[in-house]
Structure formats: structure tokens, C-alpha cells
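First the structure, in the form of C-alpha cells, and then the observations on it.
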């Protein structure tokens with residue numbers, strides 16, 4: 001299963017693997033895919049710098065990428081303290097009452113609450129780009145909106161490829177007009193921020209829109225080799241995966257999250273604004289359900305919503321209760337039924353894709 | 001592109017085509033697919049009988065099927081006059097006010113208003129089955145819920161195959177346990193009644209659940225040969241198509257509907273309960289938007305919602321305004337950009353699927 005993408009990226013398999021975990025990223029890149037580190041969680045650029053130095057060593061010369069989030073429109077920008085002022089007290093009350101009702105205890109002494117994710121602010125995302133440009137990164141991806149022109153230019157100066165995610169064909173066209181080298185067509189099935197058009201429809205639509213200019217990767221609903229072969233049938237040059245790596249040993253889930261992921265079926269996710277303020281697919285559970293009740297407030301815009309729920313996220317994770325973990329994940333969560341090493345998952349994806357291509361050969 | 005399904009159904013191509021139009025059904029069956037007539041619109045069994053007699057002649061010995069709707073749960077059953085009593089006056093007022101606001105005139109003298117669709121009542125659906133069993137029908141499909149045991153038994157006695165649509169793997173398992181011969185895995189992208197799991201995820205999940213016992217057809221998002229090849233990669237034995245036939249000459253759309261279909265992009269649909277009371281994907285327009293406004297009432301359960309809006313549907317269609325046509329359609333509506341004959345559409349689907357299989361051969 002080699003495509004042109006393999007030569008472009010210098011990898012054995014046309015499989016990109018997004019993960020917030022550097023352990024997953026390193027393992028994927030060593031096994032012949034391209035690991036892509038999600039940077040949005042790094043509020044401190046120095047911490048990202050240290051993590052990329054670790055990756056430089058652990059990937060041992062295999063290429064890897066980074067994923068930053070520079071949304072086209074963030075309604076509020078500013079210092080965290082100023083932004084906190086914009087959160088209505090009624091929203092804070094709702095969060096507090098909901099945690100109480102769900103039986104989620106406060107953090108114990110010594111447990112540290114997360115700050116809100118600030119990586120969705122342009123200023124912070126740009127600090128991620130600055131750090132990435134000082135490391136031997138092969139690919140820089142923007143997960144929301146078109147990458148700014150100067151970022152594209154500076155990445156290209158250093159020989160990096162620039163990718164951007166698109167949930168609609170017009171977004172893909174504007175990415176390519178802005179100099180992007182790869183488009184990730186991300187369908188409705190995907191975990192995290194995602195649009196409303198299913199992969200089966202979106203991928204060929206984006207291939208028809210920009211496929212003659214740049215390679216298109218299929219994302220959303222890709223967790224098996226048959227799904228990779230289907231993506232190639234739709235005209236993609238490779239796949240962008242994410243959720244499938246949450247079920248690996250290297251991801252190092254806390255037990256409650258692991259149990260929730262293994263237990264969930266494909267119908268147990270929901271597309272909601274409660275995580276970040278923009279629509280993102282999450283595990284559906286008692287926490288997300290609470291936000292659909294009549295007395296629940298509307299989620300706030302990005303980045304305020306995540307600042308609002310950041311403390312709650314820490315408590316929900318620390319509670320050790322699988323029915324409340326706050327977690328972005330795609331519909332392929334239904335396929336996750338045991339925890340395996342990254343290399344084994346990747347080898348299975350490739351083997352099943354090859355088997356599928358062989359099976360299709362006989363239908364001609 | 002022959003699969004086992006071709007022998008089972010006695011067709012040249014593993015392409016099933018659902019349509020409420022007997023003209024489309026006949027043309028598909030004559031061209032080597034399997035046309036499947038949607039029966040839900042026939043409130044009068046005698047009219048269905050006459051239509052099937054026409055089809056018997058027009059298909060000239062090529063097999064065809066029928067699609068009936070026997071939902072697992074219909075909250076209200078009864079004579080139309082009694083059911084009308086269950087519709088709250090506030091809902092009727094909302095519909096009337098909305099039509100006024102949208103500039104939709106009353107029907108002119110001589111134009112006839114549709115009755116509500118009663119085919120969603122078990123009693124009416126069973127009359128469809130009775131009629132179908134007196135014709136040389138090859139396949140009877142149930143579009144919502146498991147077909148009743150006696151219907152399966154009587155169909156099998158007469159040598160008919162029974163199919164059922166499923167939007168979740170557990171539904172597929174219960175269909176097969178009930179004796180169904182074919183399962184249609186219908187993803188979120190589909191037009192009409194549809195679930196929340198995208199085809200990319202749903203199809204392999206249902207193949208894994210029941211594929212060793214019965215053939216699985218992929219539905220939802222199938223409007224090109226690449227999408228057919230992708231469905232085969234996911235493990236389907238063929239495809240169930242619907243929306244793609246709305247763009248054909250034989251469908252005989254009124255001009256406003258035709259314009260709306262040709263103009264719509266893949267993002268211009270919405271999954272909503274306003275058409276029938278159960279979630280169905282429709283063209284998104286000023287009519288569906290009106291039901292999302294804060295003052296709009298919740299749609300009624302099936303079959304009351306369709307009875308509520310039946311008169312409005314007649315007026316919305318007669319208005320000749322593309323921005324208000326009430327129409328179930330899938331996300332592949334974005335691919336519809338000119339009106340063509342059925343035979344040409346089917347030939348293109350098959351040719352592109354074959355080309356795609358050839359392209360994949362070179363990746364091995």
C-alpha cells in the first residue's frame with residue numbers, strides 16, 4: 001500500500017497519526033507512519049520545546065509532525081486574567097452545580113487543576129510555531145482554519161510541509177490558495193473539532209476540488225485497514241488518524257478513561273460545543289448530557305468555554321468515574337476493545353488494508 | 001464489478017435504487033440494477049396495485065423490489081379522522097403563520113392538497129405488503145424497524161427476499177435473527193430517515209456483526225463509482241442508492257425542486273424531525289430553518305407530524321419557490337449538477353467503480 005504520499009513524507013505507509021501524546025507520536029514514526037504531535041495542550045512554549053527535543057531523540061531520524069490550532073475566528077483574545085472576566089457567573093454556577101449533582105468530588109490536596117487550554121489563541125499557537133521551527137519537524141498542520149500566510153512562508157523557507165484540516169470543499173480551496181501542501185478532509189465521524197459532512201461524501205468532494213494540486217488525506221472514521229482502503233478508493237492519497245491511538249499502551253490512559261473508551265460503542269459520541277466552544281465530537285456521557293438539559297446554558301465561544309470547564313475537566317478526570325470523563329473521540333471508538341502497542345495497531349492497519357486491496361482485485 | 005449479490009438478485013450490477021417514482025424504478029431495472037419502489041406515498045392500496053401492474057409490464061422480466069415502512073414504534077394508530085384530533089391547535093397555528101411569513105400562497109382552485117402520509121401506519125404498510133405479494137416482486141424491504149415475523153414468513157413462502165434498513169449494528173443483528181435475507185447499512189449521510197453513525201464507520205461494523213450470515217448493502221453517501229468501490233472496500237456486497245435518482249429525467253421533478261436540487265451543496269441538508277416525526281435528512285431551506293427558531297414548537301411524533309405538515313407540503317411544492325421545497329435528500333445532493341437519464345447515471349456509476357478498482361490494483 002504505497003502511494004505518492006510515502007515519498008513526499010519519507011515514510012513507509014501513508015498513515016498519519018495525530019496524538020497529544022509524544023509517546024504515541026514517537027512509536028508511530030518509528031513503526032513507519034508519520035506521528036503528529038498535538039500542541040494545543042502546551043500553554044508553556046518551553047514545555048513544548050522540551051517535548052520536541054525528546055521526540056527528536058526518540059524518533060531516531062524518522063520524520064514526525066506537529067499540529068497547532070490557529071482558528072480563523074477567535075472572538076476573544078487577551079491575557080488569561082482578562083479573559084476570565086468575560087465568563088458569566090451563571091455559567092460558573094451551572095458547572096459547579098452539575099459537578100455536585102454528578103457526584104464529582106473537588107480535587108484532593110496535591111492534585112493540580114489544569115489551566116484552560118490557551119493554545120486556541122493565535123498568540124499561543126504562534127509560540128508553538130516558533131518552537132517547532134527550531135526542531136527538525138517534517139510537517140506542520142493547522143487544525144482549524146487556514147494557516148496564516150507568514151507561517152506558510154516561514155515553514156516553506158525551512159523545507160517543512162504545511163497541512164490544513166478542512167470539513168468543506170470551499171475551505172480546502174482556500175487552504176490551497178494560501179499555499180498549503182496537503183489537505184486533510186475531515187468528516188463528521190471524526191473526534192474533536194469536526195464538521196457536518198460525512199467522510200464518504202466529503203473526501204471525494206475535496207479530492208475533486210483540490211486533488212489535482214495537492215494530496216488529500218482522509219480523516220474521520222478511519223480505524224481499520226478496510227477504512228484505509230475505502231479512503232484510497234475515494235481518491236485520498238493516505239489517511240489522517242487520531243482516535244485509534246487512544247486505545248494504545250503508549251497513550252497511557254488513566255484507568256477510568258481506558259474503561260470508558262473500551263466500553264463505548266460507535267453511537268456513544270456526541271458533537272457538541274461544551275469542550276471548546278466550537279463543535280467537537282466527544283464521548284457522550286453524564287457530563288455531556290447535563291449540557292443538553294433544559295436548564296443548561298449555551299456553551300460560551302472559544303476560548304472562553306474551555307477556560308470555563310478546565311477546572312471541571314481536571315475534577316472529572318480525577319474522579320475515576322468512566323461515566324463522566326471529558327474526552328474528544330471519533331465514532332470508531334466502537335472498534336476499540338483492547339489496549340495494544342502502537343506498532344501492533346499500525347501493522348494491523350497496514351495488513352488489513354493490503355488484504356482489502358487483494359480482495360477487491362478479484363471483483364474486477 | 002460483479003459480486004455474489006448479482007446472482008442472488010439476478011441483476012448485472014450490485015446497485016439497488018430506491019425511488020418513489022415508478023419511472024425511475026423501471027429504468028434502473030431495465031438498465032441492469034435493481035429498482036425498488038417506495039410505497040409509503042400510496043394511501044390507497046388500489047393505486048399501488050395499478051402501479052405495480054405498470055411496473056410488471058415496463059420492467060419486462062427484469063427484477064424489481066418494493067420498500068414499505070413498518071416502524072418498530074408508532075405511538076399513534078387509528079383512522080385519519082381520529083388521529084387529526086391529536087394534533088395540537090398551536091402546532092397548526094405555527095404552520096399557518098410560517099407559510100404566511102415565507103410568502104407561500106394557498107393552493108389555487110383546482111390544485112389538490114396531499115393527505116398526510118399514512119404509509120407509516122402498520123395497517124397501511126400491511127396493505128402494501130398484501131398488494132406486493134400478488135405481483136412478481138423480487139425483494140421487499142422494510143425501511144424502519146424489523147419486518148414482522150409473519151411478513152417475513154409469507155414473503156419467503158413466495159420466494160421473495162426480505163431486506164431491512166439498519167442504522168446500528170444491534171438493529172442489524174435483530175433483523176437477521178428475525179429472518180431477514182439482506183441488511184442495508186444506512187449511514188448518517190443518507191436522505192430520509194437515518195441514524196447518527198457515518199457510513200465509513202457503520203458499514204464495516206454491520207458487516208462484522210452480520211456479514212457472515214447475510215449480504216450487507218451500503219447506503220448513505222453513495223452517488224459515484226468511487227463511493228461504490230469504497231463501500232465494497234468496507235465489506236459491502238453492493239449498494240443501496242436513493243438521492244442520486246432525484247437528479248434524473250425519469251424522476252420528473254417540478255422545476256422548483258429541480259432547481260433546489262441542482263443548486264444545493266453537500267452542506268445544504270439537515271437531519272430533522274419536521275418531515276415525519278422521526279429524524280430524516282432533508283434539504284435545508286427557509287422552511288426547515290423556521291422549525292429551528294426559538295418560537296417553533298417541537299415536531300410531533302410519527303405519524304402526526306406528517307399529517308400536520310401534509311397540507312403545507314402541497315403548498316410549499318406548488319409555490320414554485322426553490323427556497324422552500326420540502327424534500328428528503330442525502331448529502332450527495334452536492335454532486336447533482338445536471339439532469340440526466342437513469343441509464344446514463346447507472347452506466348457512469350458502474351464505469352467509475354470499475355476505473356476505481358483498476359486504480360487500486362496498482363497500489364498493491
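The values are calculated or read from the model by the stated rules, or taken from the named source; none is laboratory data. Since we're looking at a predicted model, the values are computed, not measured. Neighbour counts are summed over all protein chains in view; Cβ atoms, including those assigned to glycine, are modelled from backbone coordinates with ideal geometry.
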Looking at (1) at pLDDT 95 or above; (2) outside the structural domain of residue A:313 (by TED's automatic domain parsing); (3) surrounded by fewer than 18 Cβ atoms within 10 Å (Cβ to Cβ), which is the one condition that is false for residue A:103?
-> (2)
Residue selected from segment A:171-190 under the condition within 14 Å of chain B (Cβ to nearest Cβ) and part of a strand (DSSP E or B), by the criterion surrounded by the fewest Cβ atoms within 10 Å (Cβ to Cβ) | A:186
Pick from segment B:326-340 the residues that are farther than 22 Å from residue B:188 by Cβ and in contact with a strand residue (DSSP E or B) (Cβ under 9 Å, 6 or more places away or on another chain): which of them is nearest to the other protein chains (Cβ to nearest Cβ)?
-> B:340
Inside segment B:292-316, can you point out the residues that are assigned to a loop (DSSP other than H, G, I, E, B) and over 20 Å from residue B:190 (Cβ atoms)?
-> B:292, B:293, B:294, B:295, B:296, B:297, B:298, B:300, B:301, B:303
Of the conditions (1) surrounded by fewer than 24 Cβ atoms within 10 Å (Cβ to Cβ); (2) farther than 24 Å from residue A:352 by Cβ; (3) touching a helix residue (DSSP H, G or I) at 6+ places or on another chain (Cβ under 7 Å); (4) modelled with pLDDT of 95 or more, residue A:37 fails just one. Which one is it?
-> (1)
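State yes or no: is residue B:273 buried (at least 19 other Cβ atoms within 10 Å of the Cβ) and either at pLDDT 95 or above or away from every other protein chain (no Cβ under 14 Å) (or both)? Outline the logic, then answer.
Values: buried (at least 19 other Cβ atoms within 10 Å of the Cβ): no; either at pLDDT 95 or above or away from every other protein chain (no Cβ under 14 Å) (or both): yes.
Taking the combined requirement at face value, the residue does not satisfy it.
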In segment A:329-346, how many are surrounded by fewer than 15 Cβ atoms within 10 Å (Cβ to Cβ) and assigned to a helix (DSSP H, G or I)?
-> 1
Of all residues in segment B:191-212 being in a loop (DSSP other than H, G, I, E, B) and more than 16 Å from residue B:141 (Cα to Cα), the one that is farthest from the other protein chains (Cβ to nearest Cβ) = B:212
Going by the conditions given, is residue A:305 more than 13 Å from chain B (Cβ to nearest Cβ) and under 19 Å from the mean Cα position of the chain (by Cα)?
-> yes
Out of curiosity, is residue B:219 buried (at least 24 other Cβ atoms within 10 Å of the Cβ), within 15 Å of residue B:353 (Cα to Cα) and within 11 Å of chain A (Cβ to nearest Cβ)?
-> no
Can you tell me which of B:261, B:282 is surrounded by 20 or more Cβ atoms within 10 Å (Cβ to Cβ), under 29 Å from residue B:100 (Cβ atoms) and under 14 Å from the mean Cα position of the chain (by Cα)?
-> B:282
Within the bounds of segment A:222-234, is there any residue that is under 18 Å from residue B:267 (Cα atoms), assigned by TED's automatic domain parsing to the domain that holds residue A:147 and not in a loop (DSSP other than H, G, I, E, B)?
-> no
Output the number of residues of segment A:109-160 satisfying the condition of being touching a residue at least 24 places away in the same chain (Cβ under 8 Å) and part of a loop (DSSP other than H, G, I, E, B).
-> 25
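So if I check each of A:320, A:267, A:311, which one is in contact (Cβ under 8 Å) with a residue 24 or more places away in the chain, within 14 Å of chain B (Cβ to nearest Cβ), farther than 28 Å from residue A:29 by Cβ and surrounded by fewer than 22 Cβ atoms within 10 Å (Cβ to Cβ)?
Values: A:320 fails: within 14 Å of chain B (Cβ to nearest Cβ); A:311 fails: within 14 Å of chain B (Cβ to nearest Cβ).
Unique residue meeting the criteria: A:267.
Can you pull out every residue in segment B:44-64 that is touching a residue at least 24 places away in the same chain (Cβ under 8 Å) and either out of contact with any helix residue (DSSP H, G or I) (no Cβ under 7 Å at 6 or more places or on another chain) or closer than 10 Å to residue B:131 by Cα (or both)? Let's see the steps before the verdict.
Start the filter on segment B:44-64 by keeping residues that are touching a residue at least 24 places away in the same chain (Cβ under 8 Å), which leaves B:45, B:48-49, B:51-56, B:58-60, B:62-64.
Matches in segment B:44-64: B:45, B:48, B:49, B:52, B:53, B:56.
Considering segment B:296-308 alone, what residues qualify as being more than 21 Å from residue B:70 (Cα to Cα) and touching a residue at least 40 places away in the same chain (Cβ under 8 Å)? Break it down stepwise before answering.
As a first pass, look at segment B:296-308 and keep what is more than 21 Å from residue B:70 (Cα to Cα): B:296-298.
Once the filter is applied, which keeps residues that are more than 21 Å from residue B:70 (Cα to Cα) and touching a residue at least 40 places away in the same chain (Cβ under 8 Å), segment B:296-308 yields B:296, B:297.
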For segment A:259-267, state whether one or more residues are at pLDDT 95 or above, under 19 Å from residue A:321 (Cα atoms) and in contact with a strand residue (DSSP E or B) (Cβ under 7 Å, 6 or more places away or on another chain).
-> yes
Unmet criterion (only one of (1) more than 14 Å from chain A (Cβ to nearest Cβ); (2) surrounded by fewer than 18 Cβ atoms within 10 Å (Cβ to Cβ); (3) within 22 Å of the chain's Cα centre (by Cα)) for residue B:295 | (3)
